[in-house]
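Rule-based calculations on the coordinates, nothing more; no lab input. Treat the numbers as computed from the prediction; the structure is a model and nothing was measured. For neighbour counting, all protein chains shown are included, and Cβ atoms are generated from backbone atoms with ideal geometry for every residue, glycine included.
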Amino acid sequence: MKVIADNIRKVAYCLFSLLVILFIYLSYIQVVESNFLATHPLNRRNAEAIHQIEYGMVVDKNGQKLAYSERDGDGFKRQYPYGAITAHVVGYDSETYGKTGIESTFNAYLTGKNNQLQHLGAISHLWTNQVGNNVVLTLDAKLQEVAYKSLGDHRGAVVVMSPRTGAILAMVSKPSFNPNTLNEQWNHISTATDSPLLNRSVQGLYPPGSIMKVMIADGALTEQVIDQKRTINSEGFLKVPPDYVLEEVNRKVYGKINIKEALTVSSNVFFGTLGLELGGKRLAKTFERYGFKRPVSPELQEAMSRLPDFNALGNGDLAQVGIGQSSLLVTPLRMAMLASSFANKGKIMKPYIVSTITDDKGSKVQEFAPEEWLTVTTPQLADTIKEMMVEVVSHGTGNAASLRGVQVAGKTGTAENPHGDSHAWFIGFAPADNPEVAIAVIVENGGGGGSIAAPIARQILEKALH
Amino acid sequence: MTNIRHHERILLFITGVIMLNGILAVSLTRGSVDYSVLGVTCGLMVAFMMVNIVLQKSGHTGDPLFLPVAALLVSIGLTTILRLKPNLFLAQSMWIGIGLIVFLFSVFISRRLEEVTHYKYVCGFIGVSLLLIAILFGVDIGGHKSWVIIGPMRFQPSEFAKVFIVLFLAAYLSERRELLTLATRHYGPFVLPHPRFIAPLIAVWSMAMMMFILQRDMGAALLYFGIAMVMTYMVSGRFSYVMIGLILFLIGSVICYKLYGHIQTRVDIWLNPWGDPSGKAYQIVQSLFAFGSGGIMGSGLTYGFPSMIPEVHTDFIFAAIGEEMGFVGAGAVIIIYMIMVYRAFRSALLATKPFSMLVAGGLAVSLALQIFLIIGGVTKFFPLTGITLPFISYGGSSIVANFILLGMLFTISEVRIYDGK
């Protein structure tokens, strides 16, 4: 009897340990391995759950709906009231072709999957219904519309931002597409030679041309290779040994000009000389100071700028970098940031496009505050450059951007490129004494920056400042 | 001794509230309460109370934890089945009702359990016959051939066979226990028992192998073999017997593995489910996804997607619990089973006669092994086997057989208190 009881006790201990091991193993699966299993690509649970959720809205800073969910049979379908106008910024959400823009980068918020309550299991259903959060953008839909229309039938991009906060107010890329009919038009959109799916404002890489001269001017003044008084004689061309000749536009002869005059007329000889005098090392330092080697604001999905290997450049290329050519490629967003650095006393604010996340009842879930990104130059030098840029618009190449009653600062660019006519650029900000908006406009193969891009910028600035 | 039944009533009341809560939670998320479902639920609560009153009237002093713990498991099972397959809810409730009646029969018949020793070969014969019926006439339903269909009825004989096999082994072993511990033969390092003693074990072993091969029912094979091995150990106290048994089983398994494709597949799936997650390993991978997605707190009842797992309401019901109630719910189920297994072993230790001691011990082992095999299977701790989760899985045979088992344990737990008075 007693022997059997002892044996049974031993058996009980063994089997009990097995159950305890099972309990521990279960906790391993459901706690440690939980994330791996829950987010495994073959686990269809998340996709299923999301289909049944009413996505939140994407609205502009004034509450205009840019994207919202509408019931469509079993699930929900996304609607984009502004269609092609906001197509690149807001993005699209297609079961077949995936997601882009805010629809992709803020998907977790729009679906409500960011909710911390999720981890509370059944209890979370007491608070959350199956509706996602709303994403409030810094974008101004009306300004966006004006920017979209003022680009006309050109290919190109516009970025408007607040230099003091970094908030993106408008971001247009053309040609565009209608996200409401994406699935029907996909074959056409995805194969079109003018790439309507490309968000040129952040993904388009262009040679900056003469708009880069404002940074070269600041670089040369900072590195003290020149002061504001020194003049350089432009005879219409600059011979760069051994065999390169840098010409002024139309081989125009400007004579002895100082840096302010040179920027106003956009003298290639003057800035080519600055490029040579700065040399590879100091050019590299200047570009680095302006953050061209650093990614900014991952949610904007910006393409990285292409910089030449400055130390390996020959004299001809150094002179070309001085006028924003050579193998330099930048995005319109970077150029808007460049303009805003002089508007904001030498500080670049981190560009951002989402200001707040609200729940379906409108109360704030999360807020994104403006953040300082880089200090690229001193307030004094920033003001100096600003004065030059004011001169560019009031008496120089950027005259077409001038507004009645408001001082506009700017710089035009006509960037040579291997794909045909020059790209027309304009960057600037206004009002010059108290900058509220900074802008970058590019018109692909549009021709002269002063004649094509500056008038477009003028229309947008006028709207932005009312 | 009314005190014990009073405690039992309070516990039953609490489990009743839990059951009602679960049923209401599932009903309310669907937007409307089905009054027939609610009525049946209340009916079951009343039925459990009535069983309690019958036990009190008859002055039964069995362990007051068995019935409430079973009621708790049954509640979790019913709630999950209502959520997974609402049209099976009434059938499952009916089986639970029948289970309760059978429980009472089992309780009172078991008071004369000692008499079974005279009919041990009858028990053995019934047990083996039930297994043979399943082996010979088994029909494949849901992946394993353990179903027998007689007219409109269909049942799983292997669920009932375990009760008879345990009774037979307990009687056979307790009668010969002196013989078993003393009469041994030495073959080199091995200590082998007398052939007369080992004969029934060989029989169970070959039966298990047959189930393994013919029925593809690896779970049942392991279960019966495990019960036989452990019960032999309980009597003899010789670990070498267990080792010999395990070696025999391993040899058998390896031969089966080499010869039969379906066993190879099962083991391969277990070793590397990610090799073919959308094909052969689909079920176990979906089960793992369910546990993972459930996480600690679960998705909440009706907010998960357990229907992505094939056979979720029978073999894989534990994965549904893990997904919707999380580790908190699934872990609680394991703890509830631990309480039941603990009380089962406790009643074995309280028993006054070797026979009832072995019966209770055997039943406790069968309960624990079954829980371990199926939960270990659906969590990929162990190769997957097709057996049910006691008191929770959908299925009449499983529910009724487990209530018979519970009734026997319940009465065995009484004896000591009777004698101690």
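Overview of results
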item: Chain B - percent relative contact order, Cα under 8 Å, separation 6 or more; result: 22 percent
item: Region B:283-421: mean projected area of Cα convex hull, nm²; result: 8.9 nm²
item: Rule-of-thumb Rg ratio for region B:1-109 [Cα; 2.2 N^0.38 Å; N residues]; result: 1.09
item: Estimated Rh, region B:44-96: Kirkwood, alpha-carbon pairs, angstrom; result: 12.2 Å
item: Placed amide H near A:Val437: partners under 5 Å, 5+ positions off or other chain; result: A:Ala430
item: Where GluC sites (Glu not before Pro) fall in DSSP loop in region A:345-419, at most 14 other Cβ within 10 Å; result: A:Glu371
item: Region B:48-151: relative contact order as a whole-number percent, Cα under 8 Å and 6+ apart; result: 13 percent
item: Restricting region A:369-415 to trypsin sites (Lys or Arg not before Pro) in coil, as DSSP defines it, with at most 15 other Cβ within 10 Å; result: A:Arg404
item: Approximate shape of the protein assembly as shown as ellipsoid semi-axes (Cα gyration tensor, √5λ), whole Å, largest first; result: 83, 29, 22
item: Cα pair distances of region B:2-420 binned at 20 Å [whole percent]; result: 26, 57, 16, 0
item: Axial C-alpha extent at least 20 Å, average Kyte-Doolittle at least 0.0 - helices from chain B (DSSP); result: B:2-29, B:35-57, B:66-84, B:89-109, B:120-137, B:157-175, B:195-210, B:218-236, B:239-259, B:326-350, B:354-378, B:396-420
item: At most 12 other Cβ within 10 Å, DSSP loop - trypsin sites (Lys or Arg not before Pro), region A:218-325; result: A:Lys229, A:Arg230, A:Lys293
item: Between helix A:2-27 and chain A: long-axis angle, C-alpha atoms, 0 to 90°, nearest 10; result: 20 degrees
item: In order through region A:430-435: 3J(HN,Hα) via Karplus (6.51 cos²θ - 1.76 cosθ + 1.60), integer Hz, x for Gly, Pro; result: 7, x, 4, 7, 8, x
item: Dmax and Rg, reported as Rg then Dmax, of chain A (C-alpha, Å); result: 28.1, 119
item: Within-15-Å neighbourhood charge of A:Gln224 [Cβ basis; K, R +1; D, E -1]; result: +2
item: For region A:225-240, Karplus couplings with θ = phi - 60° (6.51, -1.76, 1.60), whole Hz, Gly/Pro x; result: 7, 8, 10, 6, 8, 4, 10, 10, 8, 9, 9, x, 7, 10, 7, 10
item: Computed over chain A: relative contact order in percent, which uses C-alpha pairs under 8 Å that are six or more apart; result: 15 percent
item: In degrees, nearest ten, helix A:182-191 long axis to first principal axis of chain A (Cα); result: 50 degrees
item: Coordinate range along principal axes, alpha carbons of region A:323-368, Å, largest first; result: 52, 25, 9
item: Crossing angle, helix A:141-150 versus chain A [Cα axis fit, 0-90 degrees, rounded to tens]; result: 40 degrees
item: Percentage, to the nearest whole number, of Cα pairs in region A:158-256 over 25 Å apart; result: 51 percent
item: Distance from region B:1-74 to region B:243-297 (C-alpha centre basis), Å; result: 37 Å
item: Prolate/oblate/rounded label for region A:150-195 (Cα gyration tensor, a/c 1.5); result: prolate
item: Beta bridges by DSSP in the protein assembly as shown, antiparallel share as percent, to the nearest 5; result: 95 percent
item: Whole-Hz ³J(HN,Hα) from phi, Karplus 6.51 cos²θ - 1.76 cosθ + 1.60, for region A:81-94, glycine and proline x; result: x, 8, x, 5, 4, 10, 3, 6, 5, 6, x, 9, 9, 10
item: Proximal lysines to B:Lys57, defined as alpha-carbon separation beneath 21 angstrom and excluding residues fewer than eight positions away on the same chain; result: B:Lys421
item: Under 5 Å, built H, 5+ apart or other chain: amide partners of A:Phe237; result: A:Glu248
item: Cα gyration tensor, region B:221-310 - rounded (a/c under 1.5), prolate or oblate; result: oblate
item: For A:Ser267, distant residues with modelled amide H under 5 Å away; result: none
